[in-house]
1. Run the numbers for PHE60 and ASN79: contour at 0.36 nm per residue of separation, minus the present Cα-Cα distance, in nm.
2. Which entries in LYS5/LYS114; LYS5/LYS54; LYS17/LYS90 show an alpha-carbon gap greater than 29 Å?
3. Classify segment 43-110 from the C-alpha gyration tensor, please: rounded if a/c falls under 1.5, else prolate or oblate depending on whether a/b exceeds b/c.
Amino acid sequence: MEIIKVEKGCLTILTGKTDMGKSTITVYECGENLRAGEKVIFFSYEYCQSIIYKKLVSHFAITWSELMNLNIVDASNLNLQTLVSYVKAKRGNVDIVYVDYLDILKKTSFKEAKDEAENLAQIREICTVLADLARELNIPVTTDMSTSTGKLPGLSKMDGVDLVTEGILTLTKTLEYLESGETEQNAAKVLMD
């Protein structure tokens, strides 16, 4: 079952508050692609390889033979340019890339932002580079990021980047719905507001 809609040559961004399950969904989607025989690179900025392997095998029933198509990179100190170089070196031997997650990639690639405008410029730079990588190699690239302030719109545009925020699986809105106690009949109204 596909949760995140990805397309070749596109960057997909899954957003939501901390501890909403973004990484778990990303690992699940990784497993679905492995099950389909895809060659996957998974850059993990947060979890060690053994945790990802454990989730794939015990929670999502990925077989050891399917895991042979998985390349997990401990990216805890990896910056954006090194990530891009690594993926380009695998050209022709990678079908999809996951970056878990953008917030930590930003910390390894830039100095701490002085203000919100600089923070957004850094995020825009990362998104642009990852989108360019997806287009150049004609592969899907998926990343996730935490939302810390404000409400992000269902669909946003950045120059050079197709950015979907909370539009594929609306984790924050889903939580708001569950916490509201609304009935299923009102779900669409709550999720669309």
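1. In short, 3.9 nm is gained.
2. Working: LYS5/LYS114 34 Å; LYS5/LYS54 24 Å; LYS17/LYS90 32 Å.
Violating the 29 Å limit, Cα to Cα: LYS5/LYS114; LYS17/LYS90.
3. Oblate, since a/c reaches 1.5 and b/c is not below a/b.
Readers should treat all values here as calculations from the given coordinates under stated rules, not as data from a laboratory. These numbers were taken from a predicted model, which means no experiment stands behind them.
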